[in-house]
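What follows is calculated from the coordinates using simple rules that are stated; it is not laboratory data. Quantities reported herein were computed from a predicted structural model and do not represent experimental measurements. With ideal geometry, Cβ positions are generated from the backbone for all residues, glycine too; neighbour counts draw on all protein chains shown.
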Amino acid sequence: MSSDAQQDPLSLLRASLSTGTPPILSTSTNPPPPSLPPIPLHLATHLIFRSPHSPQPIALPLSTPTRFVKKEGEATPIPVDLRSIYFAWLNRELGIPEYLNLAQNFDAQVSRGAGIKNLNFVERLELVGWLEGVQEESEFIQSVVQVKRDAAPAGGLVVGRGRGDMAGLGQNGASQPATGGGRPPKQIDPRLAEIYSHERVVVNRNTALRGSKPTDFAYVRKHTEDFVSRLKSTATTSDPGHLKPGIRSTTPSVPGHLSTPSKPAPSKPSRSYPIILLSPSASALLTMSNVKPFLESGNFLPPHTLSTTATSTTTPQMIDISRLLPSIHATTPQRFIVVDSPEKFKPEYWGRVVAVFTTGQAWQFKSYKWHQPQELFRHVKGFYVGWEGEPAPETVRGWGAGVTCVGVERGRRFRDREVCEVVWMEIERWMVAMGWGNGQGGRA
């Protein structure tokens, strides 16, 4: 880790989370005694990082601005302080209403000026993905070089920058007096200042081709390694030479000039969490209130039983669901994001949508990337969830084989697990066909 990264709040937080040594909240620059209970965020003033690269812990004030900036409705990006960043990370699993209520309660507990800067849905999603290492860059996170350039003082004499950088000189080439103390200001000879104003930076081949902003292409290497390993595994399973001794391949040999080129392996989507879209219709059996227990545990809660306890103000707008898919990864559960509206979607998010639950009403797809159901279900897997014994609507059956119809029992809840497994089997099969996974373990 470079010296800049060792003092950068975002880089320190990401490194501590990746190494399993989360930072410690403290009321001073020293870590609290282990015998004391953890200090809550609204009482803390510093965040202490224990880095394996540094023998001493690094303590940063929670008011320290970070490289994460807000761009909505502002002419210039506003840096978000470390307190708001750590608050968003600690409450990353909460829905939008719960997160806003908790932020308001937090502001009421702290002094003025130490409140939380609210992050919207997209900003929280980008921040959590970057801290977890899912993505390497974000439009809301500035580079270290850009932050240092923006923080550079406007005054002072810079030699070799041309006439435009002589802002630190007064009339007749005299330097302006320093306001921060230290050595007395040095007087610049007017003739020397005139010579400095005509100097230019010598541009060589490296600076002309690469520029001054360094670009980290480590993520390209990671994607390339995954792509090559997937190709090797595909070639191993399809090569007739890998059959057992004494067993002859039944594949007929075809002359080279008559053979057809093999179909290229589907490209793997970006390594981000897949997305499941629900129907916002009031007649949907699977909603944001009961989808998590159904997909995670196989427990279906009928919507009419939730009407007295769940309201629109308590229903989350985003849910995280984890499921072990052996064909995607043999040991690590896959995390899914479930929403019922694509209102906050970026264009690239549509490449991560793997399933859409529908009630058969075409108005659900008006805000989608693909408005026509037949075209939509050629790109994503569709599901219709109805009551067992009731036929699916004619419109759903007319949308083709891309939509799977399943039925839940009205009273026998022990059958819910069977329906849940059918849904996950179809999602897993679809994701493998679309190129998700790394070819390690699982079914062929």
**OP:** Provide the descending list of Cα extents for the stretch 300-429 along its principal axes, expressed in whole angstroms.
**Re:** 40, 40, 34
Original post:
If you plug each phi of the stretch 287-299 into the Karplus form 6.51 cos²θ - 1.76 cosθ + 1.60 with θ = phi - 60°, what whole-Hz ³J(HN,Hα) values come out, in order, with x for Gly and Pro?
Top reply: 10, 5, 7, 10, 6, 5, x, 6, 6, 8, 10, x, 10
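Structure shown: which of K232/K369; K70/K381; K70/K369 lie over 30 Å apart, alpha-carbon to alpha-carbon? If you can, show how the numbers build up before the last one.
Values: K232/K369 34 Å; K70/K381 35 Å; K70/K369 27 Å.
Going by Cα-Cα distance, K232/K369; K70/K381 fall outside the 30 Å limit.
Based on the Cβ-Cβ distance of H329 and H304, what FRET efficiency does E = 1/(1 + (r/R0)^6) give at R0 = 41 Å, to the nearest 0.05?
Working: r = 38 Å, r/R0 = 0.91.
Result of the calculation: an efficiency of 0.65.
Gain in length, T234 to I78, computed as 0.36 nm per residue apart minus the alpha-carbon separation, to one decimal in nm? Walk me through the intermediate numbers first.
Working: separation 156, 0.36 × 156 = 56.16 nm, distance 4.79 nm.
Going from the current span to full extension adds 51.4 nm.
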Original post:
For the residue pair A108 and T21, what label-to-label distance in nm results when each label sits 7 Å from Cα along the Cα-to-beta-carbon direction?
Top reply: 3.9 nm
Original post:
Listed highest first by mean packing, meaning other Cβ atoms within 10 Å per residue, what order do 399-411, 120-132 come in?
Top reply: 120-132, 399-411
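Which order do the peptides 84-91, 133-140, 321-328 come out in when sorted by mean C-beta neighbours inside 10 angstrom, highest first? Display every interim value, and only then the final one.
Numbers: 84-91: 20.2, 133-140: 14.2, 321-328: 16.6.
Top of the packing list down: 84-91, 321-328, 133-140.
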Subject >> Rg/Rh for the stretch 368-444, where both radii come from Cα atoms and Rh is the Kirkwood radius >> reply: 1.03
Original post:
Once the piece of chain linking E93 and Q135 is laid out straight, how much longer is it, given 0.36 nm per residue of separation minus the C-alpha distance between them?
Top reply: 13.3 nm
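What is the gain in length, in nm to one decimal, between S272 and R200 on full extension, counting 0.36 nm per residue of separation less the C-alpha to C-alpha distance? Mind dumping the intermediate values first?
Values: separation 72, 0.36 × 72 = 25.92 nm, distance 4.50 nm.
Fully extending the segment from S272 to R200 adds 21.4 nm.
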